[in-house]
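Right, one structure below, let's go through it.
Taken together, the values in this text are just the output of simple stated rules run on the coordinates, not laboratory data. Keep in mind it's a predicted model, so treat the numbers as computed, not measured. Backbone-built Cβ (ideal geometry, glycine too); neighbour counts: all protein chains shown.
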Amino acid sequence: MADLPRHPVAVAAAVTNDHGLVLALRRPEDGRWEPPGGMLELAETIPDGLRREVREETGLEVEPVRLGAVYQNTTTGTIVLTFRCRVLGGRLTVNEEASEFRWMTADEVREQMPEIFAGRVLDALADTEPPLRLHDGKRLTAHW
C-alpha cells in the first residue's frame, strides 16, 4: 500500500463580502481571474490550509462558512475542496500570486473566470448540497 500514488489535495475559497460579491484575484503569470486557493501542506488541517492560502494570496483573514463542492481533476488526480468563506480582517495586498483583486457578481464570475474556477465559486455560493464534480483541467466532465 505504501507504494500507491496519492491524490494531491487543494482548497479554493469563495470569499464573500457584505454585499454578496465574491473576491477574485488575477494571476500575474496568465492574467486569469480565479478564486484564492492552493495545495494543502502535508501536516496541515483543511481549515488551516484554506486560511493560509487565502492569507498568502490576498492578505485577508477568513473563516470557512460551508463546503461548496468537491472537485476531482481526472487528468492530474488533484482533489479540490471549495469553501464559501467570510472575511474576518486583513487588507487586500497585491503580491507575486495576485496582481489585482476584484469583487464580482455571480454573473461576472461566469463571464470572466475559466469554467472550472467559475464552477467552484458558483457551487460555493449556492445553498445546496455540495456536489462532487469531475473535470479534465479545463472543462467539467461529470457531476453527481
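Based on the Cβ-Cβ distance of ALA106 and GLU61, what FRET efficiency does E = 1/(1 + (r/R0)^6) give at R0 = 35 Å, to the nearest 0.05?
Here the calculated transfer efficiency is 0.90.
For region 9-137, rounded, prolate or oblate, judged on the Cα gyration tensor with a ≥ b ≥ c (square roots of eigenvalues), a/c < 1.5 rounded, else prolate if a/b > b/c?
Taking the square roots of the gyration eigenvalues as a ≥ b ≥ c, region 9-137 is rounded.
Can you give me the C-alpha center-to-center distance between region 55-125 and region 18-40, rounded to a whole angstrom?
5
In degrees between 0 and 90, to the nearest 10, how far off the longest principal axis of the chain does helix 46-58 point, with axes built from Cα atoms?
Helix 46-58 sits roughly 40 degrees off the main axis of the chain.
Going by C-beta contacts inside 10 Å, put PHE117, PHE83 in order with the fewest on the left.
Lowest to highest Cβ neighbour count: PHE117, PHE83.
Given a cut-off of under 8 Å on Cα pairs at least six residues apart, what relative contact order in percent is computed for region 9-137?
33
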